[in-house]
Amino acid sequence: MAQLAKLVGAVFSGLSALSVEDVEDVGDVIVVRASTRGHEVACPACGTSTDRVHAFHERVLADVPVDGRRVLVRLRIRRMRCPVAECGRWTFRVRFPR
């Protein structure tokens with residue numbers, strides 16, 4: 001398990017917008033659970049900062065194999081609510097660097 005923690009540190013080192021919550025060794029698959037960090041973000045339409053969470057959704061990403069095993073990343077992403085009533089964008093997903 002120490003090797004997995006080291007791997008996660010290397011894989012996500014440049015993704016400061018993500019928080020790695022768990023790494024699970026499931027035999028032939030390594031499952032990494034991560035989420036976007038809970039800080040204020042700007043609405044992409046009007047630029048107003050908000051910390052109001054509307055909902056969450058999960059994406060499942062496949063990464064390159066490690067030690068001959070599949071790697072799945074279960075990423076929990078926040079859907080935010082824009083606080084500006086006149087803004088044309090009611091909700092939006094938090095974006096993270098790729």
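The values are calculated or read from the model by the stated rules, or taken from the named source; none is laboratory data. Everything quoted here is computed from the prediction, not taken from an experiment. Neighbour counts are summed over all protein chains in view; Cβ atoms, including those assigned to glycine, are modelled from backbone coordinates with ideal geometry.
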Among the numbered criteria (1) loosely packed, with under 11 Cβ neighbours inside 10 Å; (2) of a type outside the set (D, E); (3) assigned to a strand (DSSP E or B); (4) at pLDDT 90 or above, which single criterion is violated by A85?
(3)
Which members of the range 11-45 meet the condition of being of a type in the set (G, A, S) and either surrounded by 11 or more Cβ atoms within 10 Å (Cβ to Cβ) or modelled with pLDDT of 65 or more (or both)?
A17, S19, G27, A34, S35, G38, A42, A45
Condition met for R78 (assigned to a strand (DSSP E or B) and either within 17 Å of S19 (Cα to Cα) or small (G, A, S) (or both)):
yes
